[in-house]
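J.: The structure is given below, and queries will be raised subsequently.
The values are calculated or read from the model by the stated rules, or taken from the named source; none is laboratory data. On a predicted model such as this, the values are computed, not experimentally measured, just so you know. No Cβ is skipped: glycine too gets one built from the backbone with ideal geometry, and neighbour counts run over all protein chains shown. Note: areas computed on protein heavy atoms with side chains; ligands, DNA, RNA excluded. Shrake-Rupley method; radii C 1.70, N 1.55, O 1.52, S 1.80 Å.
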Amino acid sequence: QFPTEKLKKAQYSAAVGIVRTMVEDGSSALIFVSGLTDITEIASAFNDLSKYIVVAVHSEIPFEEQEAIFVPAPFDKVKVIVATNSAESSITVPDCDVVIDLGSHKSLMYRKELHRTTLVDTYISKDSATQRAGRTGRVRPGRVYRLYSRDLFRRFRDHQAGEIHRKPLQDVVLGIWTMLESSSNFKGVTPILRDLIEPPDDSNINQSYLKLQESDLITEPSDKGMLTGMGRFAGTLPVDLETGRLIFYGIQLGVGLEAT
């Protein structure tokens, strides 16, 4: 399930309404959203209201600007922190009396019809909902407003699946191989994968090696092989393997910019 635009708009309106009616002067509210678009939409609702100080928490926003979340709200102001899931467990805001949770986040998902991984807007897990709620009430009483139904909450996953299970495993194998091949104690990717908290099945690992060899990215379908030039190049790019191969061939043929 994915949040609809209609639901998103209703959540924005409800979140702003809660802040304006339920948050006391001299304190702050923390609104959990999924991405930069949500941050922009909610922040714009406070543009003409001088009483509210809006602070955004997102990976694309300079850290120096985000540090304002720890500055106490003036006695006659309300601080509104609009954050992605990066704030779920990494911060404690002492003057945060209210948490508002939209129940969504950006998550990697493998789409079979496209044969690639995309970043999509989807619902969080029950664990994440608990983490978000825990951002208030840590040093003084607090309240949490979840802007989704109890029925929807019951259908949330208990835990978010590890990222290694949400993207093609061959991408993971090639990325690890590229990063660690020059290490003196590198014995291959398979031992690393087997030692993970949520290890993939051996059958998936074997299929990934076959896919990498068929794509001419490694010389043999096992840890005994070596990276090819194209494999080393594609493994350094933050894109899926097919896109990495396209860019590599484009450069080889003198049309790198067009391929990119």
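J.: Among the residues of the range 29-37, is there at least one that is in contact (Cβ under 8 Å) with a residue 40 or more places away in the chain, under 24 Å from ARG146 (Cβ atoms) and over 17 Å from the mean Cα position of the chain (by Cα)?
T.: Yes.
J.: Looking at the range 201-242, which of its residues are surrounded by 19 or more Cβ atoms within 10 Å (Cβ to Cβ) and closer than 19 Å to LYS167 by Cα?
T.: ILE205, SER208, TYR209, LYS211, LEU212, LEU217, GLY231, ALA234, GLY235, ASP240, LEU241
J.: Is the range 88-108 home to any residue that is within 25 Å of GLU5 (Cβ to Cβ), open to solvent by 10 Å² or more (accessible area, probe 1.4 Å) and assigned to a loop (DSSP other than H, G, I, E, B)?
T.: Yes, the range 88-108 has at least one match.
J.: Can you find, within the range 1-57, the residue that is surrounded by the most Cβ atoms within 10 Å (Cβ to Cβ) among those that are under 24 Å from GLU67 (Cα atoms) and polar (S, T, N, Q)?
T.: SER28
J.: Determine which member of the set ILE124, ILE164 is farther than 21 Å from ASP38 by Cα and at pLDDT below 95.
T.: ILE164
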